[in-house]
Amino acid sequence: MGDDTSATRVRVRNRRGEGDRLRGEIVAAAVELLDETGDESAVTLRSVARRVGIAAPSIYRHFPDQPAVMLAVVRSAFDELDEQLRGAVEVEGEAPRGRLVALCRSYLEFAQAHPGRYRTMFGGVWVPDLSEGSVTKDDMVGLGRTTLKLLSDALEDCVDAGCAASTDVPADTVALWLGLHGLAHQRAVAPSFPWPPDITERVIAALAHFTEE
């Protein structure tokens with residue numbers, strides 16, 4: 001899709017010292033465009049500027065190029081996911097197994113609620129050319145580390161409580177994430193498939209190596 005998908009807004013100019021506010025508005029506009037179109041190519045500097053109500057060159061004060069805007073979008077999405085996961089764990093209470101299941105369910109709920117953002121977070125929509133632009137390998141490697149740590153900590157708690165038999169928590173954390181990611185992806189691309197009603201529990205129980213309750 002082209003830039004015509006973005007509506008032009010009349011924006012009130014920030015007062016001196018409010019540059020961070022404009023940066024946040026740029027990221028929010030990019031997120032809106034991604035949610036509406038599900039297409040990273042719709043998030044151009046021109047379309048974002050039009051959505052915010054500024055001239056496109058104004059973006060360069062905060063982002064050197066379009067990949068930098070997308071990186072900010074992805075980082076924001078991971079922050080949102082991690083906040084949701086922490087909330088799910090806190091609500092569940094003290095039982096380690098229940099906390100891990102709640103965390104995994106929350107992960108899948110985020111993927112379902114924000115399909116465009118989710119695909120962008122994990123390379124299904126946005127894969128920057130690291131040989132050009134401002135995004136570096138270190139930028140990409142750092143994405144998702146907190147999410148994996150939340151999974152790892154929850155699985156470790158299950159092992160300590162005797163309700164999971166994992167003997168290699170780091171490796172099993174990656175396996176668990178891959179299972180969740182695969183389920184999230186396949187549900188999105190094959191919604192008419194006759195998914196077993198307890199498929200989420202089966203995936204979690206198998207990959208977390210839950211012991212019998």
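The values are calculated or read from the model by the stated rules, or taken from the named source; none is laboratory data. As the structure is a computational prediction, the values presented were derived from the model and not from experiment. FYI the Cβ positions are ideal-geometry reconstructions off the backbone, even for glycines, and counts take in every protein chain you see.
Does GLU90 qualify as being in the same structural domain as ALA161 (by TED's automatic domain parsing), surrounded by fewer than 17 Cβ atoms within 10 Å (Cβ to Cβ) and touching a residue at least 12 places away in the same chain (Cβ under 8 Å)? Taking the combined requirement at face value, the residue does not satisfy it.
Listed by first and then second residue, the pairs with beta-carbon distance under 6 Å, at least 6 apart or on different chains, first residue in segment 102-122 and closer than 18 Å to LEU33 by Cα, second buried (at least 20 other Cβ atoms within 10 Å of the Cβ) and among the hydroxyl-bearing types (Ser, Thr, Tyr), are ALA111/TYR118. Give VAL135, VAL125 a once-over and let me know the one that is under 14 Å from the mean Cα position of the chain (by Cα), surrounded by 12 or more Cβ atoms within 10 Å (Cβ to Cβ) and more than 23 Å from ALA88 (Cβ to Cβ). Of the residues listed, the single one that is under 14 Å from the mean Cα position of the chain (by Cα), surrounded by 12 or more Cβ atoms within 10 Å (Cβ to Cβ) and more than 23 Å from ALA88 (Cβ to Cβ) is VAL125.
The number of residues in segment 73-102 being assigned to a helix (DSSP H, G or I) and either over 18 Å from the mean Cα position of the chain (by Cα) or closer than 16 Å to SER47 by Cα (or both) comes to 10.
Assigned to a loop (DSSP other than H, G, I, E, B), among the polar types (S, T, N, Q) and out of contact with any Lys or Arg (no Cβ under 7 Å at 6 or more places or on another chain) - does that describe any residue in segment 188-199?
yes
Conditions tested, residue by residue: (1) out of contact with any strand residue (DSSP E or B) (no Cβ under 9 Å at 6 or more places or on another chain); (2) of a type outside the set (Phe, Trp, Tyr).
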{"residue": "PRO64", "(1), (2)": "yes, yes"}
{"residue": "VAL89", "(1), (2)": "yes, yes"}
{"residue": "ARG97", "(1), (2)": "no, yes"}
{"residue": "TYR107", "(1), (2)": "yes, no"}
{"residue": "ALA111", "(1), (2)": "yes, yes"}
{"residue": "PHE122", "(1), (2)": "yes, no"}
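Checking the condition more than 18 Å from LEU85 (Cβ to Cβ) and of a type in the set (S, T, N, Q), which residue from THR136, THR200 passes? Explain how you work it out, then say what you get.
Numbers: THR200 fails: more than 18 Å from LEU85 (Cβ to Cβ).
When all the criteria are applied, what remains is THR136.
Screening SER106 on (1) within 24 Å of LEU22 (Cβ to Cβ); (2) in contact with a helix residue (DSSP H, G or I) (Cβ under 6 Å, 6 or more places away or on another chain); (3) among the polar types (S, T, N, Q) shows it passes everything except condition (1). Against the list (1) in contact (Cβ under 8 Å) with a residue 12 or more places away in the chain; (2) over 20 Å from VAL31 (Cβ atoms), the condition TRP126 fails is (2). When segment 48-72 is filtered for residues that are over 24 Å from GLY116 (Cα atoms) and assigned to a helix (DSSP H, G or I), the ones remaining, listed by number, are PRO57, SER58, TYR60, ARG61.
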